[in-house]
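**Q** Once you've had a glance at the structure underneath, I'll fire off some questions.
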Amino acid sequence: MRAAVQTPRGERCPYAKKCGGCQMQNLRYEDQLRWKQAQVQRQIGRFCRVQPILGMENPLHYRCKVQAAFAPVHGRTVSGIYQSSSHILVPVEHCMIEDEGAQRIVADVRRLMPKFRVTPFDEDARRGVLRHVLVRRGWATGQYLAAIVSFTPVFPSKRRFAEALVRLHPELTTVVLNVNRQRTSMVLGSEEHVLYGPGFIEDELCGLRFRISASSFYQVNPPQAERLYRAAIGMAQLTGKESVLDAYCGVGTIGLAASSQAGRVAGVELNPAAARDASGNARRNNVRNARFFAGDAGEFLRDAAAGGEPFDVVLMDPPRAGASREFLEAVCATGPRRVVYISCNPETQARDLRFLTSHGYRAERAQPVDMFPFTHHIENIVSLSRA
């Protein structure tokens with residue numbers, strides 16, 4: 001649990017009280033880890049032994065996805081972060097958890113705006129152009145993507161603007177113009193135009209290569225995500241013969257990472273776009289024993305068992321609300337010998353463990369992982385076997 005890097009009190013974030021995104025700025029990193037360990041112990045310790053949390057050696061600037069909102073304030077353009085649970089914009093120049101290269105790109109977008117007569121979007125008046133900038137970094141590859149989010153597709157000198165930005169930041173391998181005309185809290189709209197590069201970047205995770213667009217789901221802390229996935233796959237105790245279900249699979253990251261140690265992998269995701277991305281990732285990595293499907297994971301599990309192709313191992317990574325009762329019932333009814341449950345909410349994970357352990361499963365051990373230093377979010381893995 002010990003962390004090599006501590007943030008001295010003199011380095012506290014000046015925006016912490018206004019922003020609210022980092023709820024644990026008042027604690028040293030080692031104390032944050034102790035607090036998170038205690039939360040997992042409180043929720044999960046009644047089911048099994050909780051291993052020491054896996055923290056980061058350097059918990060600063062880990063977010064490789066950075067979003068900045070733009071607005072006019074007293075006649076000048078500001079960019080920053082919306083205050084937690086509000087729509088109040090907090091001007092931010094230097095965030096302690098965001099990728100520093102991405103922050104420099106955001107700052108230079110703001111500096112270029114007057115030269116190209118690009119105005120910030122005024123939400124109240126519903127006029128102006130630039131709403132947000134989203135920057136993504138490929139952690140392993142060093143590639144950067146910038147998505148300029150505009151209220152209108154009529155963006156002044158958009159290609160020259162992109163060229164000027166790339167001259168300042170040659171690490172940018174792609175720039176896109178995203179158009180969002182809706183009155184919404186969502187950053188990205190559905191309309192997108194590539195201004196420079198291929199329209200995506202690539203990154204490597206667990207020995208695999210993934211294509212990332214502006215709207216792709218991809219872990220914001222890849223080094224810790226790799227530790228999380230490797231720990232989960234280790235807890236699955238695969239021998240190379242098992243049939244594995246990757247439930248709530250997203251773009252297939254963990255299923256593809258497990259494929260080299262499994263007989264076959266099937267991934268199921270309710271979001272059709274994510275399921276298509278997962279299939280594309282399998283093709284790009286030449287993974288032949290993994291297939292991905294759009295649909296309900298519980299129904300898929302029952303249909304596979306009824307068709308004579310049951311699963312030996314289930315890897316599940318549901319949203320914060322936890323797994324659906326229907327899915328948990330399908331797991332218990334079909335009886336895979338092992339379940340590995342990844343959760344971003346130990347409270348709903350504990351609720352689901354109560355169901356599983358009262359229907360034939362035994363929790364063996366838990367492994368917390370700190371994916372989001374300085375916040376109260378906790379990631380936790382629990383392995384279960386058929387009792």
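The values are calculated or read from the model by the stated rules, or taken from the named source; none is laboratory data. Remember, predicted model here, so these are calculated numbers, not experimental data. So basically every Cβ, Gly included, is an ideal-geometry build from the backbone, and we count neighbours across all protein chains shown.
**Q** Pick from the range 281-331 the residues that are of a type in the set (S, T, N, Q) and over 20 Å from the mean Cα position of the chain (by Cα): which of them is modelled with the lowest pLDDT? Break it down into steps so the answer makes sense when it comes.
**A** At the first step, the residues of the range 281-331 found to be of a type in the set (S, T, N, Q) are 281, 285-286, 289, 324.
Checking the rest, the ones that are also over 20 Å from the mean Cα position of the chain (by Cα) come to 285-286, 289, 324.
Working: N285: 97, N286: 97, N289: 97, S324: 93.
Result: S324.
**Q** With respect to the numbered conditions (1) at pLDDT 85 or above; (2) out of contact with any strand residue (DSSP E or B) (no Cβ under 8 Å at 6 or more places or on another chain); (3) outside any loop (DSSP other than H, G, I, E, B), which one is the sole condition not fulfilled by R110?
**A** (2)
**Q** Follow-up question, since we're still on this one. Return yes when I201 is surrounded by 23 or more Cβ atoms within 10 Å (Cβ to Cβ) and in the same structural domain as L145 (by TED's automatic domain parsing) and no when it is not.
**A** So I201 fits the description; yes.
**Q** Starting from the range 290-304, take each residue that is at negative phi and list its partners that are polar (S, T, N, Q) and surrounded by 20 or more Cβ atoms within 10 Å (Cβ to Cβ), counting only C-beta distances under 7 angstrom and pairs at least six apart or across chains.
**A** Cβ pairs passing all conditions: A290/S259.
**Q** Something else: Among the candidates Q67, Q43, Q51, which residue alone is out of contact with any helix residue (DSSP H, G or I) (no Cβ under 6 Å at 6 or more places or on another chain) and closer than 20 Å to N380 by Cα?
**A** Residue meeting the stated conditions: Q51.
**Q** I'd like the full set of residues that are more than 16 Å from C249 (Cα to Cα) and buried (at least 20 other Cβ atoms within 10 Å of the Cβ), limited to the range 332-361.
**A** P336, R338, P346, Q349, A350, D352, L353, L356, Y361
**Q** Report whether or not R351 is within 27 Å of the chain's Cα centre (by Cα), at pLDDT 95 or above, of a type in the set (K, R) and part of a strand (DSSP E or B).
**A** no
**Q** Continuing with this model, one more query. Taking the conditions exactly as written (within 25 Å of A16 (Cβ to Cβ) and hydrophobic (A, V, I, L, M, F, W, C)), does A140 satisfy them or not?
**A** no
**Q** Then there is this: Read through the list (1) part of a loop (DSSP other than H, G, I, E, B); (2) within 23 Å of I81 (Cβ to Cβ); (3) among the polar types (S, T, N, Q), then give the number of the only condition that T152 fails.
**A** Single failed check for T152: (2).
**Q** Which one is surrounded by the most Cβ atoms within 10 Å (Cβ to Cβ) among residues in the range 362-377 that are hydrophobic (A, V, I, L, M, F, W, C) and more than 14 Å from D317 (Cβ to Cβ)? Spell out the reasoning first.
**A** Looking only at the range 362-377, we keep the residues that are hydrophobic (A, V, I, L, M, F, W, C), and these are 363, 366, 369, 371-372, 374.
Now drop any that are not more than 14 Å from D317 (Cβ to Cβ), which leaves 363, 366, 372, 374.
Values: A363: 20, A366: 26, F372: 22, F374: 23.
Per the criteria, the residue is A366.
**Q** Okay, moving on. Residues in the range 116-141 that are assigned to a loop (DSSP other than H, G, I, E, B), in contact with a Ser or Thr (Cβ under 9 Å, 6 or more places away or on another chain) and surrounded by fewer than 14 Cβ atoms within 10 Å (Cβ to Cβ): how many?
**A** Summing the residues that are assigned to a loop (DSSP other than H, G, I, E, B), in contact with a Ser or Thr (Cβ under 9 Å, 6 or more places away or on another chain) and surrounded by fewer than 14 Cβ atoms within 10 Å (Cβ to Cβ) in the range 116-141 gives 1.
**Q** Another one. Please specify each residue of the range 172-215 satisfying the condition of being of a type in the set (V, I, T), under 23 Å from E100 (Cα atoms) and not in a strand (DSSP E or B).
**A** Initially, the range 172-215 is screened for residues of a type in the set (V, I, T), giving 173-176, 179, 184, 187, 194, 201, 212.
Right, trim to under 23 Å from E100 (Cα atoms) and you get 173-176, 187, 201, 212.
Within the range 172-215, just V187 meets the criteria.
**Q** Are any residues in the range 19-34 assigned to a helix (DSSP H, G or I) and touching a residue at least 12 places away in the same chain (Cβ under 8 Å), and if so, which ones?
**A** Going through the range 19-34, the residues assigned to a helix (DSSP H, G or I) turn out to be 19, 29-34.
Passing the criteria: C19, Y29, E30, Q32, L33, R34.
**Q** Then there's this: When both residues are 6+ apart or on different chains and their Cβ atoms are under 9 Å apart, which pairs have a first residue that lies in the range 119-131 and is over 18 Å from V176 (Cα atoms), and a second that is loosely packed, with under 12 Cβ neighbours inside 10 Å and modelled with pLDDT under 90?
**A** Listed pairs, sorted by first residue: E123/H87; E123/R183; R126/R183.
**Q** Please determine whether any residue of the range 212-233 is in contact with a Ser or Thr (Cβ under 7 Å, 6 or more places away or on another chain) and surrounded by fewer than 22 Cβ atoms within 10 Å (Cβ to Cβ).
**A** No - not one qualifying residue is present in the range 212-233.
**Q** Scanning for something over 23 Å from R12 (Cβ atoms) and not assigned by TED's automatic domain parsing to the domain that holds L205, does the range 26-40 turn up at least one residue?
**A** Scanning the range 26-40 turns up at least one residue that is over 23 Å from R12 (Cβ atoms) and not assigned by TED's automatic domain parsing to the domain that holds L205.
**Q** List, please: which pairs have Cβ atoms under 6 Å, are six or more places apart or on different chains, and start with a residue in the range 37-52 that is assigned to a loop (DSSP other than H, G, I, E, B) and end with one that is crowded, with 19+ Cβ neighbours inside 10 Å?
**A** F47/L353; F47/A363; C48/A363; C48/A366; Q51/Q367
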